[in-house]
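Take a look at the structure set out below.
Please treat every number below as a calculation from the coordinates, not as lab data. For clarity, every value in this text was computed on a predicted model and none was experimentally measured. Positions of Cβ are backbone-derived with ideal geometry, glycine not excepted, and every protein chain shown enters the neighbour counts.
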Amino acid sequence: MKPEPPLPPFDFRRHGHAMVDWIADYLERAEQLPVESQVEPGWVRAQLPQSPPTHGESWDAVQRDIDRVIVPGLTHWQSPNFFAYFPANTCGPSILGELLSAGLGVQGMLWSTSPACTELETLMMDWLAEMLGLPARFRSPEGGGSQGGGVIQDTASSAMLCAAVAARERMLARDPRAGLLVAYASSQAHSSIEKSLRIAGIPASRLRLVPVDEHLAMRADDLRTMVERDRQAGLVPFLCVAAVGSTSTMAIDPVTRLAPICRDHAMWLHVDAAMAGVAAICPEHRWVTEGAELADSWCTNPHKWLAVNFDCDAFWVADRAALVRALSVLPEYLRNSATESGKVIDYRDWQVPLGRRFRALKLWFTIRHAGIEGLQRLVRTHVALAQSLADRMRADPRFIVIDPQRLGLVCFRLAAGCEATSALVRAVNRSGRAMISSTRVPTTPDGKERQVARVSIGQTRCTAAHIDALWNLLRDTLPP
């Protein structure tokens, strides 16, 4: 008697084709759907059984629930009318890379557990470094570097955590006073810095938020003053995080002015270029990499603006040994001859988790399909669209653009005040025709914060027609 298979039969070929067709149709119709989900809290759960099925269901029933339950509960990040937060764009080759990664089911923790997973990732990080014009110190020895190299993390937050742990361990090797470590970042810096420090055992009270100038960039003189004051108090400065393209406003910290301060005090300098860094693929935007040759680590997110779907953060270090020393733990069950030879990379030592997916496939597919020229065209298109929207706002006295306007982000407020700005954001999002977001930033010499609306342009399928529609929506929503 033939034994019954442990799982019910599944026609993967037929249902897989149907799912690819569904995704292709979804991407084409996404702009017709309300951008922000219109459901109330608890609606999605209420549509589904509260207990799992005892017996398997037909796949057709599962497929029907995608349209019935899941799609209404989505905010459509792939809509060309999505302008909130930051892009999370993708493209067909990237989606297929994700599919292949899932199908192969590779566990790439060690070189020996799938050499292709490790070596393709190392090559992709060298490709990216070349594409962005990053200094050779961030490339692998095989890619023309020496002691550095790159790794794909899930997000810039994980890159931040790895940098913090590496910085902590490097400093403790010099000065073992662990309870006295202090880190520094701009007052506009990402919240992941505080979270990373907490995880690394450093309380939030030991994060110094450095004042910013009129362009919301960290003041280097204030950093030096704060570091020297902490040293005099017996504390141990160990980490400075420079934002190159802050989340709120795309503010740019002066890396070249911060680096000498870090060098003088043996501090690790991490550059978070999560959004803006990708723009360096265009030579005219390589100002975003200024000072990278002075940094200990540098990261950017292809999953924001390079048509590679989430998650894919590119994280480089100038000294891989410092990172590996901080994160490597080698239990007996992971020992193998390749690792012991010292000739291979084991990326488990470059991240917090042990396991890792074959993320390099989607990056490889996207770069090979689009080429450098195609990806440059994508970035240049979005930058031009953002500039055109900012120009229209400057010509309308009801709008005040927050300058300098950079890359694909347009920040603005209404002359009518903060409440009017907030009301506009709410009205646009309720309409379902577009989605934007807001923040609070200092916009006056005395540092008083005001409500600011944000239009982040970077969705793969966004065109001038979508910006025209957004501008008309913004104008029509306001009183004359």
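Electrostatic bookkeeping for A164 treats Lys and Arg as +1 and Asp and Glu as -1; over the other residues with beta carbon under 13 Å from its beta carbon, the sum is +1. Across the stretch 53-70, coupling constants 3J(HN,Hα) worked out from phi with the 6.51/-1.76/1.60 Karplus curve, θ = phi - 60°, read x, 6, 10, x, 9, 5, 5, 4, 5, 4, 4, 4, 6, 4, 6, 6, 10, 6 Hz, and Gly and Pro carry x.
Using the crude model of +1 on Lys and Arg Cβ and -1 on Asp and Glu Cβ, and no other charge, please compute the dipole size for the chain relative to its Cα centre, in debye to 20. Each step should come with its number before you reach the end.
Numbers: 51 positive and 51 negative charges, 115 e Å.
Once rounded to the nearest 20, the dipole reads 560 debye.
Would you mind ranking E449, E293 by Cβ crowding within 10 Å, fewest neighbours first? Before the final figure, lay out the partial values.
On the way: E449 12, E293 16.
Neighbour counts put them in this order, fewest first: E449, E293.
With one equal scatterer per alpha carbon and no solvent term, the Debye-computed log10 I(q)/I(0) for the stretch 230-290 at 0.14, 0.29 1/Å reads -0.46, -1.16. Estimated translational diffusion coefficient (Stokes-Einstein, Kirkwood radius over Cα pairs, 20 °C, 1.002 mPa s) of the stretch 125-257: 134 µm² per second.
With runs of 4+ DSSP H residues as the only contributors, calculate the mean residue ellipticity of the chain at 222 nm using -39,500 (n - 2.57) per run, divided by the residue total and rounded to the nearest 500. Rounded to the nearest 500, the figure is -12500 deg cm²/dmol. With the simple model of a label 7 Å out from the Cα in the direction of the Cβ, V62 to Q232 spans 6.6 nm.
If you rank S51, S158, S328 by fewest surrounding Cβ atoms within 10 Å, what's the result? Walk me through the numbers before you get to the answer.
Details: S51 6, S158 19, S328 12.
The fewest-first ordering by Cβ neighbours comes to S51, S328, S158.
Taking amide hydrogens as placed 1.01 Å from N in the peptide plane, the amide H of G245 sits under 5 Å from those of A251, I252, D253, each at least 5 positions away in sequence or on another chain.
Extension gain for V39-K343 works out to 104.1 nm (0.36 nm per residue, less the C-alpha to C-alpha distance).
Each part gets one Cα centre, and for the stretch 172-242 versus the stretch 33-107 those centres are 39 Å apart. Treating each Cα of the stretch 285-402 as an identical point scatterer and ignoring solvent, apply the Debye formula and state log10 I(q)/I(0) at q = 0.09, 0.11, 0.19, 0.21 Å⁻¹. Here the Debye-derived log intensity ratios amount to -0.43, -0.60, -1.18, -1.27.
Report D for the stretch 99-365 in µm² per second (integer): Stokes-Einstein, Kirkwood Rh on Cα pairs, 10 °C, 1.306 mPa s. Don't skip to the end; give the middle numbers.
Values: Rh = 18.7 Å.
Roughly 85 µm²/s, to the nearest whole number.
Is the shape of the stretch 178-240 best called rounded, prolate or oblate, per the rule: a/c under 1.5 gives rounded, else a/b larger than b/c gives prolate, else oblate, with a ≥ b ≥ c the square roots of the Cα gyration tensor eigenvalues? All intermediate terms of the calculation are to be shown ahead of the outcome.
Numbers: a/c = 3.13, a/b = 1.20, b/c = 2.60.
It comes out oblate by the Cα gyration axes.
If R₀ is 56 angstrom, what is the calculated FRET efficiency for the pair H15 and L209, using the beta carbon separation as r and rounding to 0.05? Mind dumping the intermediate values first?
Values: r = 51 Å, r/R0 = 0.92.
After rounding, the FRET efficiency stands at 0.60.
Neighbour counts of other C-beta atoms within 10 Å: give me L33, L409 arranged from fewest to most.
On the way: L33 19, L409 26.
Fewest to most other Cβ atoms nearby, the residues stand as L33, L409.
V236 sits among other residues whose Cβ lies under 12 Å from its own Cβ, and their net charge, with Lys and Arg +1 and Asp and Glu -1, is +4.
Considering only DSSP beta bridges where both residues belong to the chain, give the percentage that are antiparallel (nearest 5). Bridges in the chain are about 60 percent antiparallel.
I want the local charge near T439. Using Cβ-Cβ distances under 13 Å, sum +1 for each Lys or Arg and -1 for each Asp or Glu among the other residues. Could you put the intermediate results ahead of the total?
Values: positive: R413, R440, R450, R454; negative: E449.
It works out to a net charge of +3.
The radius of gyration of the Cα set in the chain, together with its Dmax, comes out at 24.0, 83 angstrom.
Working note: Karplus 6.51/-1.76/1.60 with θ = phi - 60° gives the stretch 347-353 the couplings 5, 4, 7, 10, 8, 7, x Hz, where Gly and Pro are set to x. Between the amide H of T443 and those of K448, R450, distances stay under 5 Å, these residues lying 5 or more places away or on another chain, with hydrogens modeled in the peptide plane. The spread of Cα positions in the stretch 353-480, taken along each principal axis and listed from longest to shortest, comes to 50, 37, 29 Å.
Maximal additional length on extending the R440-A415 stretch stands at 7.5 nm, based on 0.36 nm per residue less the C-alpha distance.
Whole-Hz Karplus values for the stretch 162-174 come out as 4, 5, 5, 5, 5, 5, 4, 5, 5, 5, 5, 5, 8 Hz, taken residue by residue from phi with 6.51 cos²θ - 1.76 cosθ + 1.60 and θ = phi - 60°; glycine and proline positions read x. Measuring nothing but how far apart in sequence close Cα pairs (under 8 Å, 6+ apart) lie, relative to its length, the stretch 99-365 scores a relative contact order of 27 percent. Taking amide hydrogens as placed 1.01 Å from N in the peptide plane, the amide H of Y184 sits under 5 Å from those of R208, L239, C240, V241, each at least 5 positions away in sequence or on another chain.
A straight Cα-to-Cα reach below 14 Å connects K362 with the aspartates and glutamates E98, E121, D154, D311, D313, residues fewer than 8 places away in its own chain not being considered.
Relative contact order of the chain, please, whole-number percent, based on alpha carbon pairs below 8 angstrom and at least 6 residues apart. Contact order relative to length: 21 percent. Each 10 Å bin, from zero up to the one with the longest distance, holds this percent of the alpha carbon pairs of the stretch 1-127: 9, 26, 31, 25, 8, 1.
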